Amino acid sequence: MIKLSTRGAAKRLGISHEALANYVRIGKIPAPESIQHGQRTVHIWSEENIDCVRKLLPKIANGRKTRYQKKQSLGRGGQLAKPKRKKRK
């Protein structure tokens with residue numbers, strides 16, 4: 001059975017290791033087995049963990065709204081209100 005670090009798992013998933021670590025930290029992805037190495041916690045990823053994350057990745061919202069989602073959330077007008085500018089003297 002192959003065990004990988006977070007960097008290795010992220011490489012197999014095709015995302016950055018920072019993104020994978022962030023998803024685990026905020027709870028969007030279940031944390032795999034972890035070990036303590038000094039004061040650092042190291043996650044050990046198995047093939048089963050990577051397959052589970054591969055299935056979850058398309059469902060994770062990244063927090064950014066696309067143009068289409070913005071139009072739907074605005075209602076009928078379809079345009080954002082422009083912020084008022086301060087007058088210069």
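Before moving on, here are some points about what is shown:
- Counted residues, region 1-56 - those being assigned to a strand (DSSP E or B) and in contact with a His (Cβ under 6 Å, 6 or more places away or on another chain): 1
- Selection of region 24-42 for residues being loosely packed, with under 10 Cβ neighbours inside 10 Å and within 20 Å of the chain's Cα centre (by Cα) yields Ile26, Gly27.
- So Ser5, is it touching a Ser or Thr at 6+ places or on another chain (Cβ under 8 Å), at pLDDT 90 or above and of a type in the set (Ser, Thr, Tyr): no
The values are calculated or read from the model by the stated rules, or taken from the named source; none is laboratory data. Note that this is a predicted model, so its numbers are computed, not measured. Glycine gets a Cβ as well: all are built from the backbone with ideal geometry, and neighbour counts include every protein chain shown.
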